[in-house]
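Student: Got a structure for you, written out below as structure tokens; questions coming shortly.
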Amino acid sequence: MKIRATTKVYGIFGHPVEHSLSPHMHNSAFEALGLDCVYVAFEVKPGDVDISVRALRTLGIKGVNVTIPHKEAVVSCVDDLHPDALLVGAVNTIKNVHGMLSGYNTDVGGFLRALKEDFGIVPTGKTAMLIGAGGAARAVIVALCNEMLKELIIVNRTISKAESLAREFSKHFPSVKFKVFALDDEVGIAKEIRRVELLVNSTSAGMKGLNPLNLPLGLMPKGASVYDLVYDPLVTPLVKDARAVGLQAQSGISMLLYQGVEAFEIWTGHRAPVDVMRKALTVKRFLDETE
Ligand code: NAP
């Protein structure tokens, strides 16, 4: 990759950001298509979000991804918001066109595409159970409800957060039936999980193999799917448990890939080289290993 005076700059804002896989994924894609672009990681401290977003205009940076903990804070810093970003209340991709900053949330489309590619399913008409009620849960809810899910059961350690999400999103999606349960309500969960066709973990439980969720996955119907947003380790405890009872299950590396694919296409207008990006994320090696 040659950096010239003409090279267009893209990047990621996060804190911490040094472990991000996105520079590798996007630079591999730029290189594969021969684009005069580079992608770098910017460590942005919480108090510096506004000034950093303004710097996109002054420095002519063409676009950035935004990751933890800034996705919500940048919402008020951009000039316009894509409808998904507005509903989620978070932006993970900014595009700069002549100083006009547009905010997108490609976690929404990235999650849906992961479901399609990994399981061959669409949420339309289905009953899903979502574990978690944080920022990632909001993107999952918008994704599922946009696709006309029938029913969503939100389960969270702190039940008040699940109740608040159900209240908020039932206003936007009146045709979807919402129910909430506390994560320690074993009886309630065991009763509901028997009808769940798709279970999604959007908590950080299971990260690094720690604090695994203890769910009665064996009660889920045959043919049901389990998607874990956690991708470290690639085969999370939840994925392992789900596969052990015969369910199809995948970790969140595919969502990470497809949110990047969408961002790349928004920025460049080119069809993203998905295989190159997947390989850059070392997914292929791990997927081969786990198949
Ligand atoms: P967040 O806003 O901090 O929310 C964390 C959620 O996890 C809350 O619901 C919290 O419950 C729950 N939680 C935390 N520790 C738990 C435990 N030990 N047992 C049960 N529940 C626990 O975080 P987030 O931004 O939503 O991210 C959540 C996870 O999604 C992270 O692992 C992140 O890496 C992953 N993620 C992946 C992708 C992807 O592309 N694959 C995209 C976005 C996020 P309380 O409300 O009770 O605290």
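Student: Restricting attention to the range 92-113, report how many residues are among the hydrophobic types (A, V, I, L, M, F, W, C) and buried (at least 24 other Cβ atoms within 10 Å of the Cβ).
Tutor: From the range 92-113, those among the hydrophobic types (A, V, I, L, M, F, W, C) are 94, 97, 100-101, 108, 111-112; that's our starting set.
Add one more test, that the residue is buried (at least 24 other Cβ atoms within 10 Å of the Cβ), and what stays is 94, 108, 111.
Residues that pass the stated criteria total 3.
Student: Inspect the range 168-184 for any residue being in contact with a Cys (Cβ under 9 Å, 6 or more places away or on another chain) and within 23 Å of Glu117 (Cβ to Cβ) and give the result as yes or no.
Tutor: No, that holds for no residue.
Student: Can you tell me which residue is farthest from Val17 (Cα to Cα) among those in the range 53-67 that are polar (S, T, N, Q) and open to solvent by less than 60 Å² (accessible area, probe 1.4 Å)? Outline the logic, then answer.
Tutor: Filtering the range 53-67 down to residues polar (S, T, N, Q) leaves 58, 65, 67.
Next cut, open to solvent by less than 60 Å² (accessible area, probe 1.4 Å) only: 65, 67.
Values: Asn65: 11, Thr67: 8 Å.
Filtering first and then ranking leaves Asn65.
Student: Out of the residues in the range 239-249 that are touching a Leu at 6+ places or on another chain (Cβ under 9 Å) and open to solvent by less than 10 Å² (accessible area, probe 1.4 Å), state the one that is farthest from Arg194 (Cα to Cα). Give the derivation first.
Tutor: Of the range 239-249, the ones touching a Leu at 6+ places or on another chain (Cβ under 9 Å) are 241-242, 244-245, 247, 249.
Okay, now just the ones that are also open to solvent by less than 10 Å² (accessible area, probe 1.4 Å), so 242, 249.
Numbers: Ala242: 14, Ala249: 17 Å.
By that ranking, first place goes to Ala249.
Student: Using the structure shown, decide if Ala85 is within 28 Å of Gly260 (Cα to Cα), within 16 Å of the ligand (Cβ to nearest atom) and free of Cβ contacts under 8 Å to residues at least 24 places away in the same chain. Reasoning before the result, please.
Tutor: Numbers: within 28 Å of Gly260 (Cα to Cα): yes; within 16 Å of the ligand (Cβ to nearest atom): yes; free of Cβ contacts under 8 Å to residues at least 24 places away in the same chain: yes.
So Ala85 fits the description; yes.
Student: Suppose the filter is within 16 Å of the ligand (Cβ to nearest atom) and at pLDDT 95 or above; does Leu247 pass it?
Tutor: Working: within 16 Å of the ligand (Cβ to nearest atom): no; at pLDDT 95 or above: yes.
Judged against the criteria, Leu247 is not a match.
Student: Arg57 fails exactly one of the following numbered conditions: (1) free of Cβ contacts under 8 Å to residues at least 60 places away in the same chain; (2) not in a helix (DSSP H, G or I). What is the number of that condition?
Tutor: Answer for Arg57: the failing condition is (2).
Student: Do any strands (runs of 3 or more DSSP E) lying entirely in the range 184-291 carry at least 1 residues that are touching a Phe, Trp or Tyr at 6+ places or on another chain (Cβ under 6 Å) and of a type outside the set (A, V, I, L, M), and which ones are they?
Tutor: Details: elements: 198-201, 225-228, 248-251.
Hits in the range 184-291: 225-228, 248-251.
Student: Out of His82, His70, I need the residue that is over 15 Å from Ala137 (Cα atoms) and open to solvent by 70 Å² or more (accessible area, probe 1.4 Å). Which one?
Tutor: Details: His70 fails: open to solvent by 70 Å² or more (accessible area, probe 1.4 Å).
One residue alone meets the criteria, His82.
Student: Continuing with the same structure: For the range 92-124, enumerate the residues that are out of contact with any helix residue (DSSP H, G or I) (no Cβ under 7 Å at 6 or more places or on another chain) and more than 13 Å from the ligand (Cβ to nearest atom).
Tutor: Residues satisfying the conditions are Val97, His98, Met100, Ser102, Lys116, Phe119, Gly120, Thr124.
Student: Please enumerate the residues belonging to the range 188-234 that are among the aliphatic types (A, V, I, L, M), within 14 Å of the ligand (Cβ to nearest atom) and open to solvent by 40 Å² or more (accessible area, probe 1.4 Å).
Tutor: Met207, Leu210
Student: A follow-up question, please. Could you list, in sequence order, all residues of the range 125-168 that are open to solvent by 20 Å² or more (accessible area, probe 1.4 Å) and either touching a Pro at 6+ places or on another chain (Cβ under 8 Å) or more than 9 Å from the ligand (Cβ to nearest atom) (or both)?
Tutor: Gly125, Lys126, Asn146, Glu147, Met148, Lys150, Glu163, Ser164, Arg167, Glu168
Student: Going residue by residue through the range 114-135, is there one that turns out to be of a type in the set (Ser, Thr, Tyr) and over 20 Å from Met220 (Cβ atoms)? If you could, list the steps in order and put the result at the bottom.
Tutor: Let us first name the residues in the range 114-135 that are of a type in the set (Ser, Thr, Tyr), namely 124, 127.
Cutting the leftovers down to over 20 Å from Met220 (Cβ atoms) gives us none.
Scanning the range 114-135, I find no residue that is of a type in the set (Ser, Thr, Tyr) and over 20 Å from Met220 (Cβ atoms), so the answer is no.
Student: Condition check: of a type outside the set (D, E, K, R) and surrounded by 23 or more Cβ atoms within 10 Å (Cβ to Cβ). Does Gly89 satisfy that? Quick ask: steps written out before the conclusion?
Tutor: Numbers: of a type outside the set (D, E, K, R): yes; surrounded by 23 or more Cβ atoms within 10 Å (Cβ to Cβ): no.
In short, no.
Student: Please note which strands (runs of 3 or more DSSP E) are completely contained in the range 70-183 and include at least 3 residues that are under 18 Å from Leu199 (Cα atoms).
Tutor: Details: elements: 93-97, 100-104, 127-131, 151-156, 177-182.
Here the list reads 127-131, 151-156, 177-182.
Student: Which residue pairs have Cβ atoms under 9 Å apart, sit 6 or more places apart or on different chains, and have a first residue in the range 15-38 that is open to solvent by less than 40 Å² (accessible area, probe 1.4 Å) and a second that is modelled with pLDDT of 95 or more and of a type in the set (Asp, Glu)?
Tutor: Listed pairs, sorted by first residue: Val17/Glu43; Phe30/Asp36.
Student: Here's another thing I want to ask about it. Going through Ala114, Ala85 one at a time, which residue ends up being under 17 Å from Ile12 (Cβ atoms) and of a type outside the set (Val, Ile, Thr)? Don't jump to the end; show me each part of the working.
Tutor: Working: Ala114 fails: under 17 Å from Ile12 (Cβ atoms).
None of the other options fit; the residue is Ala85.
The values are calculated or read from the model by the stated rules, or taken from the named source; none is laboratory data. Small disclaimer: the values here were computed from a predicted structure and weren't measured. Virtual Cβ from ideal backbone geometry, glycine too; neighbours counted across all protein chains shown. Side chains are part of the model used for accessible areas, which takes the heavy atoms of the whole protein and leaves out ligands, DNA and RNA. Shrake-Rupley method; radii C 1.70, N 1.55, O 1.52, S 1.80 Å.
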